[in-house]
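The values are calculated or read from the model by the stated rules, or taken from the named source; none is laboratory data. Here the structure is a predicted model, which means the values were calculated and not measured. Cβ coordinates were reconstructed from backbone atoms using ideal geometry, including for glycine residues, and neighbour counts include every protein chain displayed.
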Amino acid sequence: MSNHENLMRIGILQTGQSPDILREEAGDYPDMFMALLAPHGFDLVTYDVEHMQFPTDVHACDGWLITGSRHGAYEEHAFIPPLEDFIRKAMAAQVPLVGVCFGHQIIAQAMGGKVERYAGGWAVGPQSYDFEGTPITLNAWHRDQVTKLPEGAKVIACNDFCENAALIYGDTAFTVQAHPEFKDSFVEGLMTARGPGLVPDTLMAEAREKLGKGNDSAAIAAKIAAFFHRHEG
């Protein structure tokens, strides 16, 4: 336990940055997770692992959350091998891990799964998932997917486009492909800032039609919080 009002200390491992043009209004990825998890009572600290700022030890925090990134898990970047090593050490020590989008993918890859650019293309904006029998809508922004599960991973959410949309690894890791931390306004901003020439226009038009109708990010935030709190004490 940390000393900060006796709250669980969760380390955010930042693996990418929100686009410069959107950051002033929407914040960076750690800001979005701080807002998402604000109702749930955590002491959140950030490590910029993309720029090689790593925690000294897997026990430096009570749990870890790995953010999204524009990088591919399978690409060659200096931070990826030490991050994979950190993931394997945290898993072995049973320090709880949560991964979102790139975080979901890099945990799977570190544990022996496969991540690749999906032949079916992009998922952008609100997507509906079967989450252990409950329909859940979350914003997505990805072309890569976990295409082969690592040993010990169990699928807990899927849809026709993404069969490995959320995974659980025993009681040690919980990962989600979609972005519960992305507000509709940020997805709209991403489509403007990063979408043209990258994401098909028809797909972005479909996504814009679905924005503004509400989603279940608060339900996923509650699941993330409950997962971390199970390790409290």
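For the stretch 114-125, the condition of being closer than 25 Å to residue 47 by Cβ and in contact with a Ser or Thr (Cβ under 8 Å, 6 or more places away or on another chain) holds for at least one residue.
Collect the residues in the stretch 145-164 that are surrounded by 20 or more Cβ atoms within 10 Å (Cβ to Cβ) and either under 21 Å from residue 204 (Cα atoms) or touching a helix residue (DSSP H, G or I) at 6+ places or on another chain (Cβ under 6 Å) (or both), keeping them in residue-number order. Steps first, please.
We begin by selecting, within the stretch 145-164, every residue surrounded by 20 or more Cβ atoms within 10 Å (Cβ to Cβ); these are 145-146, 153, 157, 162, 164.
If the condition is that a residue be surrounded by 20 or more Cβ atoms within 10 Å (Cβ to Cβ) and either under 21 Å from residue 204 (Cα atoms) or touching a helix residue (DSSP H, G or I) at 6+ places or on another chain (Cβ under 6 Å) (or both), then 145, 146, 162 are the ones that fit.
Taking the conditions (1) of a type in the set (D, E, K, R); (2) buried (at least 17 other Cβ atoms within 10 Å of the Cβ); (3) under 23 Å from residue 218 (Cβ atoms) in turn, residue 25 satisfies each one other than (2). Taking every residue in the stretch 7-21 that is within 18 Å of residue 233 (Cβ to Cβ) and pairing it with any residue that is at pLDDT below 95, at least 6 positions away or on another chain, the pairs with Cβ-Cβ distances below 6 Å are 7/41; 8/232; 9/2.
Find the strands (runs of 3 or more DSSP E) located wholly in the stretch 58-152 whose residues include 2 or more that are in contact with a Lys or Arg (Cβ under 7 Å, 6 or more places away or on another chain) and either hydroxyl-bearing (Ser, Thr, Tyr) or more than 14 Å from residue 167 (Cα to Cα) (or both), and list them. First the steps, then the outcome.
On the way: elements: 63-66, 97-100, 114-117, 123-131, 134-142, 144-148.
Ranges flagged: 123-131, 144-148.
The one condition from (1) touching a strand residue (DSSP E or B) at 6+ places or on another chain (Cβ under 7 Å); (2) modelled with pLDDT under 95 that residue 23 does not meet is (1). Looking at the stretch 91-109 only, could you name the residues that are of a type in the set (Gly, Ala, Ser) and touching a residue at least 40 places away in the same chain (Cβ under 8 Å)? Across the stretch 91-109, the qualifying residues are 99, 103, 108.
Just to be sure, is residue 53 part of a loop (DSSP other than H, G, I, E, B) and within 16 Å of residue 181 (Cβ to Cβ)? Criteria not met by residue 53. Among the residues of the stretch 29-81, those that are among the acidic types (Asp, Glu) and crowded, with 18+ Cβ neighbours inside 10 Å comprise 50, 62. Screening the stretch 1-58 for residues that are among the acidic types (Asp, Glu) and within 18 Å of the chain's Cα centre (by Cα) and picking the one that is nearest to residue 193 (Cα to Cα) gives 28.
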